[in-house]
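Chemist: One structure, pasted below without further comment.
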Amino acid sequence: MVGEALSTAGLALAVVAVMIGGTYVAAVLDVLFTRLTMRVAVRPLAAAALPLRRAAQLALQRRTLTERPDAGTWALAPAVLAALAAVSLAVVPLTGTLIPVEADTGIVVFAAAMALVVVAVYLQGWSPNSPLSLVAAYRFVAEGLSYEIPFAVVLIGTALPARSLALVPIVTSQEHLWNVIRQPLGLPVYLITVLALSFWGPLALPEGQDVAGGTSLELSGVPRLLWRVAQLNVLVAVSAMGAAVFLGGWLGPWLPGGVWMALKTLFLLALLVASRQFFARVRTESFVVVAWTVLTPLALVDVFLAGIQAMVAAR
Amino acid sequence: MVVRSILARLAKKAPVPVFLISGIGGDEITDRLRLDDRLHVTDSPRPAMILMIAGRLTSDLKYAALQVHDQMAEPRAVVRWSPAERDPAAEVFPHFVAVDAVAAAAAATLAAAAVNTRDDLLAGSFPSSPPLLPDVEPNPWRGVGPWGQGGTGMTGGVPYGRPLPERAKDRDGLQLDQLLMRVGPFLPALPEGLILEVRLQGDVIQDVTVGANPFVEEAVPDSEEEELPAFPGPADLAPFLASLRVPVAVAELELARARHHLRWLGHALRVHGLAALGRRVLALSARVHSQGAGSSNALGSAEVVELRRSLERNFTLAWATRGIGRLSGDQLAALDGGPVARAAGIERDERCADPAYLALGFKPVVYAGGDALARWRLRLHEAEQSLRLAETAGNSMTTVTGTAEGPTGPLGRGPGPSSRLLPLLPELLTGLEWGDAVTTLLSLDLDLREAALTPPGSGVAPAWAW
């Protein structure tokens with residue numbers, strides 16, 4: 001009994017460690033990419049310290065209140081977002097043996113948790129009772145369904161070769177060929193939809209400059225810090241899942257499985273973080289149209305082809 | 001206490017979060033402040049520790065500055081620099097750090113003062129600025145319960161004396177609530193000083209009212225107070241206004257034009273989500289400025305060519321601006337030239353009438369699209385063209401004709417370009433989504449300081465003679 005509790009605590013600690021470590025790495029990568037884009041000197045030590053310094057500054061700032069906010073839901077929003085990221089990350093196998101939560105329907109749990117991100121973002125935008133923040137929240141709800149469908153469909157595509165919704169079989173099914181090659185449409189669609197889901201870079205629609213930061217417009221101090229951390233938590237979770245279901249997870253020669261998983265996650269995390277240096281923020285309406293007319297059909301083609309491959313392989 | 005001390009030590013080397021307010025005479029300084037690594041300019045007052053005021057505040061800007069101040073989280077402080085000896089800002093901010101420096105050194109001195117003040121705030125040796133506006137509800141509370149329930153109507157009637165949202169048909173014919181929102185004059189995405197009252201359904205604009213220009217000084221008849229210095233107009237326009245009266249070096253004008261377009265581009269890129277690239281462009285515009293007129297080497301034209309190519313290949317930028325903010329034929333006719341008209345295929349440029357430009361083989365840049373994308377491309381192209389003209393112009397001087405082609409349009413003939421554009425906004429913005437409205441406003445390159453030179457009702461402003 002005690003051993004089981006200790007094992008559970010250890011696995012929970014592993015999830016927390018990956019979330020904290022990944023979030024810090026994402027913040028440092030963002031500083032590095034920003035300075036490279038600005039074409040100013042990059043000092044690695046200063047870049048590594050900057051996220052901590054900014055966090056300390058926010059921690060020393062008091063939070064502000066707006067006129068008649070819904071204080072309860074406002075405080076809850078970052079916690080909900082971070083919790084959803086933690087649940088999503090918990091089902092991702094970090095190595096062949098280190099699997100925080102081994103669920104038979106791991107990929108469904110992940111997609112379900114990520115689908116609820118829209119609730120956390122809406123709470124964050126609606127609660128302060130502030131017009132621009134509310135407009136930003138509307139935007140996220142408006143685009144919600146359009147990115148969630150292709151997101152879920154390409155995830156289902158990765159489950160077909162494994163004939164399982166559990167993540168360990170999905171990773172091991174890529175022993176000979178990773179899904180990124182077997183299902184070439186899957187990873188691009190996944191990366192675009194997770195940018196929308198984590199409201200980052202070109203798809204930071206609820207946090208755009210045109211709405212002065214939108215859902216985080218009214219945030220200061222610790223709540224702002226928590227919201228930023230929670231957003232990066234989501235980026236880490238979707239990168240880890242992308243590494244597991246498209247890049248073969250822990251599989252790879254010479255290096256230990258955990259190192260392969262970390263490198264693949266870091267690769268996807270860097271791609272996602274860097275996107276905001278290259279792509280302008282897109283219009284909500286344009287994105288919704290593209291999501292329905294391009295991404296969803298591509299995702300359906302992807303899952304259709306994956307199904308045919310799985311049938312052929314089964315014979 | 002130990003944790004706080006560790007955090008304070010860590011925070012001391014972080015960039016200071018500042019919210020920038022630019023008053024009269026502060027427009028160039030705010031650009032330099034954005035380039036200072038010691039500062040982090042925030043989009044919202046909430047996370048800012050320092051309210052930084054560069055320039056003199058008019059009476060309309062003062063109240064808005066107080067509202068911004070009270071929205072900032074504590075600990076907070078005000079750091080300000082003013083070009084005028086008498087500064088009305090001093091009357092509204094009882095505690096502030098005044099920076100005394102000439103304009104050229106103001107940005108560096110302001111940044112240093114912000115760092116020191118932040119450190120003192122964190123150490124507790126400088127008191128946080130208290131709220132300056134009364135902490136009362138804007139309208140009396142008329143509800144019965146804590147959430148507005150218990151009054152009349154489904155959700156408690158009008159608990160704050162404000163009616164429930166009005167309902168009206170949206171573009172699909174559905175009855176939806178309308179949200180009334182007042183933005184400006186310090187919303188960073190909008191042109192400085194622009195105030196809009198907007199009625200939204202979702203994020204679609206139902207109607208727009210443009211507020212009074214806060215850069216227009218209130219005339220105080222028979223005032224015994226000492227007169228404030230005359231409003232000099234935006235710093236960018238100075239050489240163009242001078243060219244209305246005396247010959248000015250073509251190179252100087254073209255460098256000023258290139259610099260203006262690059263400043264605009266830096267700001268526009270930031271609003272479109274490319275903040276780091278925007279800062280790089282702003283740094284480029286500052287370098288163009290520092291080269292001085294007449295120098296023929298390394299004015300930055302190669303960098304601008306590279307920038308233009310990379311931005312023209314950026315499909316997300318094209319996606320965000322294509323087809324947005326098209327003006328009708330009547331609206332374009334009202335503009336009487338300028339970049340916005342040239343981006344819609346109207347080949348009109350005051351420089352075509354100047355022998356100095358004709359001798360340089362000048363031909364105006366014209367685009368056909370008429371949308372925000374065409375305006376982006378035209379300004380990039382014009383920045384490149386201006387740098388080339390500056391390189392080849394040598395010592396040639398303009399001819400005084402009473403008009404000049406400013407960076408935003410023709411000057412000296414009737415109202416200025418921004419004064420012509422402002423009345424078009426309600427018609428132009430109605431029906432757009434909020435994000436598209438911001439894209440449109442950005443692409444028009446409105447300058448409320450320039451509009452203050454020819455305020456409505458003033459006729460052809462004598463300000464052109466300044």
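The values are calculated or read from the model by the stated rules, or taken from the named source; none is laboratory data. Keep in mind the model is a prediction, meaning the values are calculated, not measured. Cβ placement follows ideal geometry from the backbone for every residue including glycine, while neighbour counts extend to all protein chains displayed.
Chemist: So which of A:W292, A:W250, A:W254, A:W227 is in contact with a helix residue (DSSP H, G or I) (Cβ under 6 Å, 6 or more places away or on another chain), surrounded by fewer than 18 Cβ atoms within 10 Å (Cβ to Cβ) and not hydroxyl-bearing (S, T, Y)? Break it down stepwise before answering.
Modeler: On the way: A:W250 fails: surrounded by fewer than 18 Cβ atoms within 10 Å (Cβ to Cβ); A:W254 fails: in contact with a helix residue (DSSP H, G or I) (Cβ under 6 Å, 6 or more places away or on another chain); A:W227 fails: surrounded by fewer than 18 Cβ atoms within 10 Å (Cβ to Cβ).
Criteria check complete, one pass: A:W292.
A quick yes/no check of all residues on (1) out of contact with any Leu (no Cβ under 6 Å at 6 or more places or on another chain); (2) at pLDDT below 95; (3) assigned to a strand (DSSP E or B); (4) of a type outside the set (D, E):
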position	(1), (2), (3), (4)
B:K13	yes, yes, no, yes
B:R32	yes, yes, no, yes
B:D60	yes, yes, no, no
B:A64	yes, yes, no, yes
B:Q67	yes, yes, no, yes
B:V78	no, yes, yes, yes
B:A84	yes, yes, no, yes
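Chemist: Return yes or no: is A:V288 touching a residue at least 12 places away in the same chain (Cβ under 8 Å) and in contact with a Leu (Cβ under 8 Å, 6 or more places away or on another chain)? So that I can check it myself, show each step before the final result.
Modeler: On the way: touching a residue at least 12 places away in the same chain (Cβ under 8 Å): yes; in contact with a Leu (Cβ under 8 Å, 6 or more places away or on another chain): no.
When the stated conditions are applied, A:V288 does not pass them.
Chemist: Scan the stretch B:360-389 for residues that are assigned to a helix (DSSP H, G or I) and either within 18 Å of B:L255 (Cα to Cα) or among the charged types (D, E, K, R) (or both) and report the count. Spell out how you get there, then give the answer.
Modeler: Restricting attention to the stretch B:360-389, the residues satisfying the condition of being assigned to a helix (DSSP H, G or I) are B:372-389.
Now narrow it down to the ones that are either within 18 Å of B:L255 (Cα to Cα) or among the charged types (D, E, K, R) (or both): B:375, B:377-389.
Qualifying residue count, the stretch B:360-389: 14.
Chemist: Separate question: Among the residues of the stretch B:390-409, write down those that are surrounded by fewer than 24 Cβ atoms within 10 Å (Cβ to Cβ) and not in a loop (DSSP other than H, G, I, E, B).
Modeler: Result: B:E391, B:T392, B:M397.
Chemist: Now for a different question. Specify the residue that is nearest to the chain's Cα centre (by Cα); the eligible residues are those in the stretch A:164-214 that are among the aliphatic types (A, V, I, L, M) and within 13 Å of chain B (Cβ to nearest Cβ).
Modeler: So the first thing to find is which residues in the stretch A:164-214 are among the aliphatic types (A, V, I, L, M), and the list is A:165-168, A:170-171, A:177, A:180-181, A:185, A:187, A:189, A:191-192, A:194-197, A:203-205, A:211-212.
Of the ones still in play, those that are also within 13 Å of chain B (Cβ to nearest Cβ) are A:192, A:195, A:203-205, A:211-212.
Working: A:I192: 11, A:L195: 7, A:L203: 13, A:A204: 13, A:L205: 15, A:V211: 23, A:A212: 23 Å.
So, considering only residues that are among the aliphatic types (A, V, I, L, M) and within 13 Å of chain B (Cβ to nearest Cβ), the one nearest to the chain's Cα centre (by Cα) is A:L195.
Chemist: It is to be established whether one or more residues within the stretch A:36-49 are crowded, with 19+ Cβ neighbours inside 10 Å and under 19 Å from the mean Cα position of the chain (by Cα).
Modeler: Checked against the condition, which is being crowded, with 19+ Cβ neighbours inside 10 Å and under 19 Å from the mean Cα position of the chain (by Cα), the stretch A:36-49 yields no hits at all.
Chemist: Among the numbered criteria (1) over 25 Å from A:Y122 (Cβ atoms); (2) of a type in the set (S, T, N, Q); (3) away from every other protein chain (no Cβ under 14 Å); (4) in contact (Cβ under 8 Å) with a residue 12 or more places away in the chain, which single criterion is violated by A:T37?
Modeler: (3)
Chemist: Taking the stretch A:119-163 on its own, how many of its residues are more than 13 Å from chain B (Cβ to nearest Cβ), closer than 28 Å to B:Q178 by Cβ and free of Cβ contacts under 8 Å to residues at least 24 places away in the same chain?
Modeler: Here the count works out to 2.
Chemist: To continue, here is another question. Considering only the stretch A:226-246, I want to know if a residue exists there that is part of a loop (DSSP other than H, G, I, E, B), more than 10 Å from chain B (Cβ to nearest Cβ), more than 15 Å from the chain's Cα centre (by Cα) and not β-branched (V, I, T).
Modeler: Start the filter on the stretch A:226-246 by keeping residues that are part of a loop (DSSP other than H, G, I, E, B), which leaves none.
So far as the stretch A:226-246 goes, no, none of its residues is part of a loop (DSSP other than H, G, I, E, B), more than 10 Å from chain B (Cβ to nearest Cβ), more than 15 Å from the chain's Cα centre (by Cα) and not β-branched (V, I, T).
Chemist: Still on this structure, I have one more. What is the residue count in the stretch A:265-285 for residues that are free of Cβ contacts under 8 Å to residues at least 12 places away in the same chain and away from chain B (no Cβ under 14 Å)?
Modeler: 0
Chemist: Of all residues in the stretch A:61-89, which are in contact (Cβ under 8 Å) with a residue 60 or more places away in the chain, within 12 Å of chain B (Cβ to nearest Cβ) and under 15 Å from A:V222 (Cα atoms)?
Modeler: A:Q61, A:R62, A:R63, A:T64
Chemist: Is at least one residue of the stretch A:168-180 within 30 Å of A:L219 (Cα to Cα) and either modelled with pLDDT of 95 or more or out of contact with any strand residue (DSSP E or B) (no Cβ under 8 Å at 6 or more places or on another chain) (or both)? Explain how you work it out, then say what you get.
Modeler: We begin by selecting, within the stretch A:168-180, every residue within 30 Å of A:L219 (Cα to Cα); these are none.
Looking for residues that are within 30 Å of A:L219 (Cα to Cα) and either modelled with pLDDT of 95 or more or out of contact with any strand residue (DSSP E or B) (no Cβ under 8 Å at 6 or more places or on another chain) (or both), one finds none in the stretch A:168-180, hence no.
Chemist: Next question. Of all residues in the stretch B:327-341, count the ones that are over 22 Å from the mean Cα position of the chain (by Cα) and either part of a helix (DSSP H, G or I) or not assigned by TED's automatic domain parsing to the domain that holds B:A372 (or both).
Modeler: So the answer is 6.
Chemist: Residues being within 13 Å of chain A (Cβ to nearest Cβ) and assigned to a loop (DSSP other than H, G, I, E, B): count how many of those fall in the stretch B:174-184.
Modeler: Initial filter on the stretch B:174-184 (within 13 Å of chain A (Cβ to nearest Cβ)): B:176-184.
Within this subset, residues satisfying the condition of being assigned to a loop (DSSP other than H, G, I, E, B) are B:178, B:184.
Going through the stretch B:174-184 one residue at a time, the tally reaches 2.
So that you can scan it fast, the table gives a plain yes or no per residue for (1) assigned by TED's automatic domain parsing to the domain that holds B:L421; (2) at pLDDT below 65; (3) among the hydroxyl-bearing types (S, T, Y):
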| residue | (1), (2), (3) |
| --- | --- |
| B:G153 | no, yes, no |
| B:Y160 | no, yes, yes |
| B:G184 | no, no, no |
| B:A189 | no, no, no |
| B:I195 | no, no, no |
| B:D222 | no, yes, no |
| B:L228 | no, yes, no |
| B:P239 | yes, no, no |
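Chemist: In the stretch B:387-401, how many residues are at pLDDT 90 or above and within 28 Å of B:G329 (Cβ to Cβ)?
Modeler: Going through the stretch B:387-401 one residue at a time, the tally reaches 0.
Chemist: Looking at the stretch B:343-381, which of its residues are touching a residue at least 60 places away in the same chain (Cβ under 8 Å), within 19 Å of B:Q331 (Cα to Cα) and more than 26 Å from the chain's Cα centre (by Cα)?
Modeler: none
Chemist: Consider B:V18 carefully, then state whether it is β-branched (V, I, T), free of Cβ contacts under 8 Å to residues at least 24 places away in the same chain and either touching a Leu at 6+ places or on another chain (Cβ under 9 Å) or within 14 Å of chain A (Cβ to nearest Cβ) (or both).
Modeler: Working: β-branched (V, I, T): yes; free of Cβ contacts under 8 Å to residues at least 24 places away in the same chain: no; either touching a Leu at 6+ places or on another chain (Cβ under 9 Å) or within 14 Å of chain A (Cβ to nearest Cβ) (or both): yes.
The answer is no for B:V18.
Chemist: Starting from the stretch B:298-322, take each residue that is assigned by TED's automatic domain parsing to the domain that holds B:L269 and in contact (Cβ under 8 Å) with a residue 24 or more places away in the chain and list its partners that are crowded, with 19+ Cβ neighbours inside 10 Å and of a type in the set (F, W, Y), counting only C-beta distances under 6 angstrom and pairs at least six apart or across chains.
Modeler: Once the first residue is assigned by TED's automatic domain parsing to the domain that holds B:L269 and in contact (Cβ under 8 Å) with a residue 24 or more places away in the chain and sits in the stretch B:298-322, its partners that are crowded, with 19+ Cβ neighbours inside 10 Å and of a type in the set (F, W, Y) give B:T321/B:W376.
Chemist: Only one of these conditions is not met by B:E347: (1) surrounded by 15 or more Cβ atoms within 10 Å (Cβ to Cβ); (2) part of a loop (DSSP other than H, G, I, E, B). Which number is it?
Modeler: (1)
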